[in-house]
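Participant: Right, I'll just put the structure down here and ask away after.
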Amino acid sequence: MEKNSKPNEPIVTHIFTADPSAHVFEGKLYIYPSHDLDHNEPSNDNGDQYKMEDYHVLSMDDVNAPCVDHGEVLHLRDIPWASKQLWAPDTAYKNNTYYLYFPARDKDGIFRIGVATSSNPAGPFTPEENYIPGSFSIDPAVLVDDDERAFVYFGGLWGGQLEKWQTSTFNPDAEGPAPTEPAIGPRVAELNDDMLTFKGEPLEISIIDEEGNTILAGDEDRRYFEGPWVHKYNGLYYLSYSTGTTHKIVYAVSENPQGPFVFKGTILTPVIGWTTHHSIVQFKDKWYLFYHDCSLSDGVDHKRSVKYTELKYNEDGTIQTIDPYGADK
């Protein structure tokens, strides 16, 4: 019997998991993480150490219940267009179907976003023959809005190749903007009703400060790096993301799912390990932050473990900053 889950402790310990996308489906929590391989190769800024080859689905009847591993639901070998690196995924429900969105490198080494489908939130998932036309980079996160419109948010710098897409085509030699120039924003694309294709070209999201100024590339405490997530609270859209080099989860708010988003503050202070990646979900009248760190592997960056903690709002709609290793602030 699996042990009961506890806040700020790994929800599973028999495998390494990261990048958790948490949803409530069929009355229980389902978590869609990436699956870190247990290897000892060196790390680099391109992310070659993140060699993930498959996805597992996890579920919990309640936050304090044991976490169930439903096993491998999709493997690299089953995806015709992909060559390697099944990084952070997400799942959405529409059309009586569960859609698993995932990044992987195509045969040319360029990150694309693929889709796999299932009739069961626990999988297994059957991949489409090709990636989403017009898709690129990493970290897809899908919001199915109250009006059933669906948006996918994506993009990551460095190994995620986002700075290579500043024009409409992939430029392998492109570099990011200078520190005094506007930061590169995440991308958003509305999905067609089939949930398999974009309605139009992906748009760049603008993240601005309270005065309306665009966040600059040198502002590493606030600028976008990777790991977007969008949830709704009291009718507003909350875009949260990783700052990468400063290892924080921060957020910005908008009245429009496509932005612009106004920067508000920090949700999660740095965790053990280089990466930080999360999701936010409401379950039984409380809100939860799912995240990962490297505590189970004593700090090895590519051997991570998914955890959760309660997330709380202030009366003005701002989110209280969480220190995962101490008292909530």
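The values are calculated or read from the model by the stated rules, or taken from the named source; none is laboratory data. From a predicted model like this one, the values you see are computed outputs, not experimental measurements. Using ideal geometry, Cβ is built from the backbone for each residue, glycine included, and neighbour counts are taken over all protein chains shown. Note: accessible area is taken over every heavy atom of the protein model, side chains too, but ligands, DNA and RNA are not part of it. Shrake-Rupley method; radii C 1.70, N 1.55, O 1.52, S 1.80 Å.
Participant: Can you run down the residue pairs with Cβ atoms below 7 Å, 6 or more apart or on separate chains, where the first is in the range 26-41 and under 18 Å from G71 (Cβ atoms) and the partner is of a type in the set (D, E)?
Facilitator: K28/D61; Y32/D90; P33/D19; S34/D19; H35/D54; L37/E53
Participant: Would you say T266 is assigned to a loop (DSSP other than H, G, I, E, B) and among the polar types (S, T, N, Q)?
Facilitator: Here the answer is no, as T266 does not meet what is asked.
Participant: Go through the residues of the range 249-262 one by one and say whether even a single one is within 26 Å of E190 (Cβ to Cβ), out of contact with any strand residue (DSSP E or B) (no Cβ under 6 Å at 6 or more places or on another chain), open to solvent by less than 40 Å² (accessible area, probe 1.4 Å) and touching a residue at least 12 places away in the same chain (Cβ under 8 Å).
Facilitator: Within the range 249-262, one or more residues are within 26 Å of E190 (Cβ to Cβ), out of contact with any strand residue (DSSP E or B) (no Cβ under 6 Å at 6 or more places or on another chain), open to solvent by less than 40 Å² (accessible area, probe 1.4 Å) and touching a residue at least 12 places away in the same chain (Cβ under 8 Å).
Participant: Of everything in the range 302-317, what is open to solvent by 40 Å² or more (accessible area, probe 1.4 Å) and either touching a residue at least 12 places away in the same chain (Cβ under 8 Å) or over 30 Å from Y237 (Cβ atoms) (or both)? Give them in sequence order.
Facilitator: Answer for the range 302-317, where residues must be open to solvent by 40 Å² or more (accessible area, probe 1.4 Å) and either touching a residue at least 12 places away in the same chain (Cβ under 8 Å) or over 30 Å from Y237 (Cβ atoms) (or both): E310, K312.
Participant: Would you say Y224 is open to solvent by 10 Å² or more (accessible area, probe 1.4 Å), within 23 Å of P89 (Cα to Cα) and either of a type in the set (F, W, Y) or touching a Leu at 6+ places or on another chain (Cβ under 9 Å) (or both)? Give the derivation first.
Facilitator: Numbers: open to solvent by 10 Å² or more (accessible area, probe 1.4 Å): no; within 23 Å of P89 (Cα to Cα): yes; either of a type in the set (F, W, Y) or touching a Leu at 6+ places or on another chain (Cβ under 9 Å) (or both): yes.
No; evaluated as a whole, the condition is false for this residue.
Participant: While we're looking at this one, here's another question. Identify the residue in the range 275-287 that is in contact (Cβ under 8 Å) with a residue 12 or more places away in the chain and surrounded by fewer than 19 Cβ atoms within 10 Å (Cβ to Cβ) and, among all such residues, is farthest from the chain's Cα centre (by Cα).
Facilitator: Looking at the filtered set, the residue picked out is K284.
Participant: Also, I was wondering about something else. Among the numbered criteria (1) within 24 Å of K264 (Cα to Cα); (2) among the small types (G, A, S); (3) within 17 Å of the chain's Cα centre (by Cα), which single criterion is violated by A217?
Facilitator: A217 satisfies all of (1) within 24 Å of K264 (Cα to Cα); (2) among the small types (G, A, S); (3) within 17 Å of the chain's Cα centre (by Cα) except (3).
Participant: Can you pull out the residues in the range 49-74 that are without any contact (Cβ under 8 Å) to a residue 60 or more places away in the chain, open to solvent by 30 Å² or more (accessible area, probe 1.4 Å) and outside any strand (DSSP E or B)? Outline the logic, then answer.
Facilitator: As a first pass, look at the range 49-74 and keep what is without any contact (Cβ under 8 Å) to a residue 60 or more places away in the chain: 52-54, 56, 60-61, 69-74.
Narrowing the set further to residues that are open to solvent by 30 Å² or more (accessible area, probe 1.4 Å) leaves 53, 61, 69-70, 72.
Within the range 49-74, E53, D61 qualify.
Participant: Still on this structure, please answer the following. Is it the case that S168 is surrounded by fewer than 15 Cβ atoms within 10 Å (Cβ to Cβ) and at pLDDT below 95? If you could, list the steps in order and put the result at the bottom.
Facilitator: Numbers: surrounded by fewer than 15 Cβ atoms within 10 Å (Cβ to Cβ): yes; at pLDDT below 95: yes.
Against the criterion (surrounded by fewer than 15 Cβ atoms within 10 Å (Cβ to Cβ) and at pLDDT below 95), S168 qualifies.
Participant: Here is a further query. For G218, indicate whether it is small (G, A, S), closer than 23 Å to W158 by Cβ and open to solvent by 10 Å² or more (accessible area, probe 1.4 Å). Lay out the reasoning, then the answer.
Facilitator: Values: small (G, A, S): yes; closer than 23 Å to W158 by Cβ: yes; open to solvent by 10 Å² or more (accessible area, probe 1.4 Å): yes.
Considered against the rule, which asks whether it is small (G, A, S), closer than 23 Å to W158 by Cβ and open to solvent by 10 Å² or more (accessible area, probe 1.4 Å), G218 comes out as yes.
Participant: In the range 171-202, what residues are more than 29 Å from Y98 (Cα to Cα), surrounded by 15 or more Cβ atoms within 10 Å (Cβ to Cβ) and not β-branched (V, I, T)?
Facilitator: The answer is G176, P177, P182, A183.
Participant: Pull up the range 155-164, narrow it to residues that are surrounded by 18 or more Cβ atoms within 10 Å (Cβ to Cβ) and outside any loop (DSSP other than H, G, I, E, B), then point me to the one that is farthest from the chain's Cα centre (by Cα).
Facilitator: Among those that are surrounded by 18 or more Cβ atoms within 10 Å (Cβ to Cβ) and outside any loop (DSSP other than H, G, I, E, B), it is K164.
Participant: Would you list the strands (runs of 3 or more DSSP E) that sit entirely within the range 165-254 and hold 1 or more residues that are of a type in the set (S, T, Y) and out of contact with any Gly (no Cβ under 7 Å at 6 or more places or on another chain)?
Facilitator: Counting at least 1 such residues, we get 236-242, 249-254.
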